[in-house]
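The values are calculated or read from the model by the stated rules, or taken from the named source; none is laboratory data. All figures in this text were calculated on a predicted structure; none of them were measured in a lab. Here the Cβ positions follow ideal geometry from the backbone for every residue, glycine too, while neighbour counts run over all protein chains shown. Keep in mind that these areas ignore ligands, DNA and RNA; they rest on the heavy atoms of the full protein, side chains included. Shrake-Rupley method; radii C 1.70, N 1.55, O 1.52, S 1.80 Å.
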Amino acid sequence: MFDEYVKEPKSLDTLTLEQVAELIHASNEKSTRKWLQERGIQVYRHARVSFVYQIEVDSEIDKP
C-alpha cells in the first residue's frame, strides 16, 4: 500500500569523478579532486570506482 510513496531520497544519488568533472568543466581527474578537496567534499571508493554524493556537489555549485 505504501510502496508507491516510498522513494529513495535524492540526497543519496551519487556522481563519479568523471561526471563531476563535466559539471565543473575540469580537464582531468587531478583538477576535479583538487576542486572537491578545496570545498571539503569527501570522495568515497567502492569496487575501484570513486564517487561523491550529488547533493554535496550541487550545493557547492549553487553557492553564490
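General observations
- Whenever a residue of the stretch 50-64 is outside any helix (DSSP H, G or I), its partners that are charged (D, E, K, R) and exposed (fewer than 14 other Cβ atoms within 10 Å of the Cβ), lying with C-beta atoms within less than 8 angstrom and at least six residues away or across chains, give the pairs F51/R45; Y53/D13.
- Only one of the numbered conditions (1) outside any helix (DSSP H, G or I); (2) at pLDDT 90 or above; (3) open to solvent by 80 Å² or more (accessible area, probe 1.4 Å); (4) of a type in the set (A, V, I, L, M, F, W, C) is not met by L15, and that is (3).
- Search result, residues across the stretch 22-64 that are within 19 Å of L12 (Cα to Cα), exposed (fewer than 15 other Cβ atoms within 10 Å of the Cβ) and among the small types (G, A, S): G40, A47, S59
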